[in-house]
Amino acid sequence: LLNVGMTPAVREALARESGDPRFAADTWLRFVRGYAAIVLGVPEDQASHAAMHDGTPASMLAAADRVQALADRFGGIPADPVAQVLEGIRAVFRSWGCDRARVFREREGIDGGLGTAATVQAMVFGNLDDRSGTGVAFTRDPSTGARGAFGDYLARAQGEDVVAGTHAVSGLDALREQLPEVYGELLRHLDRLERRYRDMCDVEFTVMAGRLYILQTRIGRRSPLAAVRIAVDMAEDPSFPLSRAEAVARVGAE
C-alpha cells in the first residue's frame, strides 16, 4: 500500500514543492485507488474503471474523485494520515487469512499459526520525474543461474507497476541507458547483498531524482537448473564465502 498519508493538502504541497502538478495528481490517484482496493476491498474491476484517465492532471484528479466516491460505499478513506496507517496495518493482518495466503502456505509448508507483520517505511517516489523509476533485480538469472544482474525496470513508475504485471516493463538495460551511474551503483549493491546472504538475492529498488534506494531484499526463487548452477559457481569461486559442503546441502534442500 503506497503513498499512505496523502490528503488533498499534501497533494497540493507536493505539486508546489515539485513544480509538477501531474506528479502530485498521479500520486494522489495511486493512493486512493490502492487504499480502496487493498484496505476497503473495492473490486478491482470497479476500481480500474473508475481510475481511467487520459494522463492530464485534471483527468487524474477527476478519476481520483470517482474512486473516492466508490470507496465511500465501502466505508470511505480516512482524511487523517494516522488513521490511514492504522487501517493499512489492519488490512495486512487480515490478509493472513485470505484464500490466496492459505493456498500459498499449504504449498510452501508454512505453519498457519505463525502470523504476519506489517512494515511501515518512508516513501520515495519513482514516479517523480524522468530521472526516477522502479525495478526488481536478481543477482543472477533465476531461470538459468547465469552470472550477472537480471530483472525489470520501469521509468517514472512506482513499485506495483512492475510487480503487478499491469505495465509493459523493460530490462535493466533500460536503467543503464537512462542512468548509467545509478546502474553501476545498483550492481555494486547486488554483489554486496549476494555475498552477505551467500545466495542469489531478489532485490526491489526505486530511483528518485537520480538517487538509488534499495527497498528490500530476500533470497530469490529459482529453477532447479539455476539452483545447481548457482551453487556450483559459488562453491568454485575462491572469492565467494560458500563451501562445497554448503553448496551440496543447499541444492539438496531445493
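The values are calculated or read from the model by the stated rules, or taken from the named source; none is laboratory data. If you're wondering where the values come from, they're calculated on a predicted model, not measured in any experiment. Counting neighbours? That spans all protein chains shown, and the Cβs are built from the backbone with ideal geometry, glycine included. Please note that ligands, DNA and RNA were not included when accessible areas were found on the heavy atoms of the full protein model with its side chains. Shrake-Rupley method; radii C 1.70, N 1.55, O 1.52, S 1.80 Å.
Brief remarks follow.
- 176, 11, ranked by accessible area, largest first (probe 1.4 Å): 176, 11
- Considering only 208, 167, 224, the residue lying farthest towards the positive end of the dipole of the range 166-254 is 224, judged by Cα position with unit charges set on Cβ.
- Surface listing: 49, 167 arranged by accessible area from highest to lowest gives 49, 167, probe 1.4 Å.
- Carbon plus sulfur fraction of accessible area for the range 11-148, probe 1.4 Å, in percent: 56
- Unit charges at the beta carbon, dipole of the range 110-175: most positive-side option, 117, 148, 134: 148
- 1.4 Å probe accessible area per residue over the chain, in Å²: 54
- Computing semi-axes √(5λ) of the Cα gyration tensor in Å directly from the structure and comparing it against (1) 41, 26, 15; (2) 37, 24, 15; (3) 24, 23, 18 singles out (2).
- Rounded accessible area of residue 195 (nearest 10 Å², 1.4 Å probe): 80
- Magnitude of the charge dipole, the range 108-244, Cβ model with Lys/Arg +1 and Asp/Glu -1, debye to 20: 380
- For the chain, calculated [θ]222 nm from helices alone, where every DSSP H run of n ≥ 4 adds -39500 (n - 2.57): -15500 deg cm²/dmol
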